[in-house]
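The values are calculated or read from the model by the stated rules, or taken from the named source; none is laboratory data. Owing to the predicted nature of the structure, the values given are computational and were not obtained by experimental measurement. Here the Cβ is made from the backbone with ideal geometry for all residues, glycine too, and neighbour counts use every protein chain on show. These accessible areas exclude ligands, DNA and RNA; they are computed on the full protein's heavy atoms, side chains included. Shrake-Rupley method; radii C 1.70, N 1.55, O 1.52, S 1.80 Å.
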Amino acid sequence: MSIVKEVLSGKLMIMINDIIIAIDGHSGCGKSTTAKKVAEYLNYSYLDSGAMYRSVTLYLYRNEIHYEELNNIVKALENINISFKYVDGEQNTFLNEENVEREIRSEKISDLVSKYSSIPEIRKFLVHRQKELGKDKKIVVEGRDITTVVFPNAEIKVFMTANIEIRAKRRFEDMKRNHPEITFSDVMKNLEERDVKDSTRKDSPLLLTEDAITIDTSDLEIEDQVKKIIDIIEAKFS
Ligand code: DC
């Protein structure tokens with residue numbers, strides 16, 4: 001695979017053939033921001049699979065469908081369409097044409113999402129959609145089961161992690177802008193619970209595969225994280 005380096009709009013971009021970059025990792029270690037920037041840098045699309053689990057959770061919560069009501073969940077999935085569109089230069093998540101970008105990040109949804117995302121029927125529904133969105137490659141996809149289940153043959157696999165206090169601090173700083181009621185201990189508790197649930201659920205838990213490269217972001221700035229991934233791509237294909 002060839003890499004042609006070009007200077008585009010004053011910054012060095014790398015042009016590569018069509019590949020999939022799969023990123024898994026713990027909540028709050030900077031996966032989304034890093035993945036978005038890597039995608040921008042490569043002129044690739046970006047898929048936030050967590051936003052899809054959050055959107056399904058929001059739909060079921062609004063319709064008062066409890067996570068134990070499997071038949072109702074399966075029926076409800078037929079009415080759920082999730083898409084992504086750019087709004088003011090930022091990719092936003094749409095649930096049946098409604099922009100839910102802000103609501104899916106609320107504390108309520110963060111608390112509920114691990115429960116719903118452990119349900120195999122919901123995972124099957126979303127994995128199918130994710131595979132469809134990535135069928136033409138040229139995409140950076142991030143989540144918990146991307147390197148293992150959604151794109152096990154991705155050309156680049158990265159596993160991101162970081163110290164939990166640092167993750168909680170970053171997420172708290174991030175969330176308090178849109179959700180001023182939130183406290184640091186709420187965020188910490190939510191991350192701890194989600195770490196356990198995401199890593200121990202039966203269906204597609206968060207796992208580090210042998211062919212994934214681990215990046216510990218505890219002491220890294222976003223730009224360093226982006227650079228590490230670009231270095232991994234360059235090392236593999238140059
Ligand atoms: O990346 P995030 O924190 O927005 O994800 C929200 C939740 O969705 C996370 O706690 C677990 C679930 N999730 C998942 O089970 N599989 C994925 N590929 C992505 C997210």
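A few remarks follow.
- Distance between the 7 Å Cα→Cβ label points at residue 99 and residue 33: 2.2 nm.
- Using R0 = 35 Å, the C-beta based FRET efficiency linking residue 92 and residue 235 works out to 0.55.
- Legend: calculated FRET efficiency, residue 72 to residue 173, from the Cβ-Cβ distance at R0 = 41 Å, rounded to 0.05, equals 0.65.
- Scalar couplings 3J(HN,Hα) for segment 113-123, obtained by applying the Karplus form with A = 6.51, B = -1.76, C = 1.60 to θ = phi - 60°, are 4, 5, 5, 5, 6, 8, 8, x, 5, 5, 4 Hz; x denotes Gly and Pro.
- Residue 156 long-range amide H proximity, modeled H, under 5 Å: 20, 22
- Taking all protein chains as shown and a probe of 1.4 angstrom, residue 128 keeps an accessible surface of around 120 Å².
- With the simple spin-label model, which puts each label point 7 Å out from Cα in the Cβ direction, the residue 135 to residue 163 separation comes to 4.6 nm.
- In the chain, helical runs assigned H by DSSP with n ≥ 4 each contribute -39500 (n - 2.57); averaged across all residues and rounded to the nearest 500, the mean residue ellipticity at 222 nm is -14000 deg cm²/dmol.
- FRET efficiency, 1/(1 + (r/R0)^6) with R0 22 Å, evaluated for residue 115 and residue 181 via beta carbons: 0.50
- Here segment 95-154 exposes an accessible surface that is 51 percent carbon and sulfur, computed with a 1.4 Å probe and the other protein chains kept in place.
- The share of alpha-carbon pairs in segment 64-202 lying farther apart than 25 Å comes to 36%.
- Rounded to 10°, Cα long-axis angle of helix 31-42 versus longest principal axis of the chain: 40 degrees
- Once both labels are positioned 7 Å from their Cα atoms along Cα-to-Cβ, the gap between residue 221 and residue 189 label points is 3.5 nm.
- Under 5 Å from the amide H of residue 92 lie the amide H atoms of 85, 86, 87, each residue being 5 or more positions distant or on a separate chain, with H modelled from the backbone and absent for Pro and chain starts.
- For segment 162-234, applying the loop criterion from DSSP together with a ceiling of 16 other beta carbons within 10 Å to the GluC sites (Glu not before Pro) yields 181, 210, 221.
- Probing with 1.4 Å while keeping every protein chain in the model, the per residue accessible area of segment 143-188 equals 48 Å².
- A P(r) calculated from all alpha carbon pairs of the chain, with 5 Å bins opening at zero, reads 1, 6, 14, 18, 20, 18, 12, 6, 3, 1, 0 percent.
- Percentage relative contact order, the chain, counting C-alpha pairs under 8 Å, at least six apart: 31 percent
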